[in-house]
Amino acid sequence: MPRKRNPENQGLPTRWRQRRGAYYYQVPPGLEAMWDGKKEFRLGASLPEAYKVWAERLASPEDTRTIAQLLDRYSLQVVPTKAPSTRVQNQVAIKRLRAVLGNAPISWVRPQVIYQYIEHRQSKVAARREIEILSHAFTKAVEWGIIDRHPFKGEVRLAGEKARTRYVEDWEIVECLSLESKRKAGSVLAVQAYIRIKLITGLRRGDLLRLTMSDLQEDGIHVTPAKTAGSTAKRIILAWTDELRASVEMAKQARPVRISPWLFCNRDGQSYLNEETGRAGGWDSMWRGFMERALKETGIKVRFNEHDLRAKCASDAATLEHARALMAHADSRITDRVYRRKPELVQPLR
């Protein structure tokens, strides 16, 4: 039975380990020549750098014969290009795929295999996510010249997830904003300012927590959505309105450190968002505490999350196109299906 990995090495590829502020690869015996004659090869100081160096030393396409080998290459060359939180989710999905399908040859995969995989997984939602990763890996396999065609793209029809329908009513927002704070700055006021800005702009959590003072320019708030920064890199400018200016000013006043470059900062003046992991633990704790207080002290009975606020922004927009622009979506269909939750008023015939 293999020895249990140290906590700092959990989730890393096989034979990787982290020590002395860097990532290292323990070279299998007999393969030292491929790694500059070393038994332990230093990959890099950061995880993206380590993945990049390892990817450059991958074997040729001819040596990618099993699903495990394909997923390894996908982990090295594709996953590091994604957002930190997405990388973590992808690695979890890849680990599960390897456990079930890893030893199978690439040529063995066909539509029936995909249906059977989902059927035997207890969590159908997780199974669909894993198949999405596998499908993209096969798309890359075509690009890399490993196979000629995708074995199941367009041939598998999976039942979609039921879209969330929670619509946050205006009175619920009023209740949240009515909570009193005993301090002139701090978590309650910061969350309330955050709610105001989110309802006006529809920005994602990560994009809001990344806002700096330099993003607040004369013509509006300049934002490059992180979700598309690696693809289209399209910037948007959220034009100033009186309400938006007032909400941003509230966020400034709520900061515990007034000279921080971040619009939303912790007590050390740093961003709540950890760019290495994509997590914002301190902010998430603040949000949970705020919602618990709202449920206890106001008339709100059903909890809502930040994603529901983003959906409220899209739902309250006058037109679908305006909602799409606020959500920074390339396709309005996703805006309409997932984010436009407000019940549609239909006049009866008579």
- Note on the structure: Share of Cα-Cα pairs in the range 170-339 beyond 23 Å, whole percent, is 39 percent
- Item | Charge tally in the Cβ shell below 13 Å around R279, where Lys, Arg are +1 and Asp, Glu are -1, R279 excluded | -1
- Query: Exposure proxy check: H150, H329, H120 ranked by fewest other beta carbons within 10 Å?
  - Reply: H120, H150, H329
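Take the residue pairs K234/K312; K184/K342; K153/K312; K82/K182; K52/K95 and return only those whose Cα atoms are more than 31 Å apart.
K184/K342; K153/K312; K82/K182
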- Item | For the chain, calculated [θ]222 nm from helices alone, where every DSSP H run of n ≥ 4 adds -39500 (n - 2.57) | -13000 deg cm²/dmol
- Task: List the residues whose amide H sits under 5 Å from the amide H of T66, counting only those 5 or more places along or on another chain, with H placed 1.01 Å from N in the peptide plane.
- Result: I106
- Taking the Cα atoms of the chain alone, what are Rg (to one decimal) and Dmax (as a whole number) in Å? 23.9, 84
- Query: Cα centroids of the range 113-130 and the range 315-350: how far apart, whole angstrom?
  - Reply: 31 Å
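For a distance above 25 Å, tell me the whole-number percent of Cα pairs in the range 12-143 that qualify.
Across the range 12-143, Cα pairs with separations above 25 Å total 29 percent.
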- For Q217 and A99, what does the FRET efficiency come to when R0 = 35 Å and r is the distance between their Cβ atoms, rounded to the nearest 0.05? 0.10
- Want the number for T14 to R121: 0.36 nm per residue separation, take away the alpha-carbon distance, what's left? 36.1 nm
- Task: Starting from the Cα of V156, step 7 Å along the direction of its Cβ; do the same at Q347; then give the gap between the two resulting points in nm.
- Result: 4.8 nm
- Message: Can you compute the FRET efficiency between H307 and D36 using 1/(1 + (r/R0)^6), with r the Cβ-Cβ distance and R0 = 45 Å? Round to the nearest 0.05.
- Response: 0.45
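No value in this document is a laboratory result; all are computed from the given coordinates. Computed from a predicted model, the values in this text were never measured in an experiment. Because the Cβ atoms are built from the backbone with ideal geometry, glycine has one as well, and the counts that use them run over all protein chains shown.
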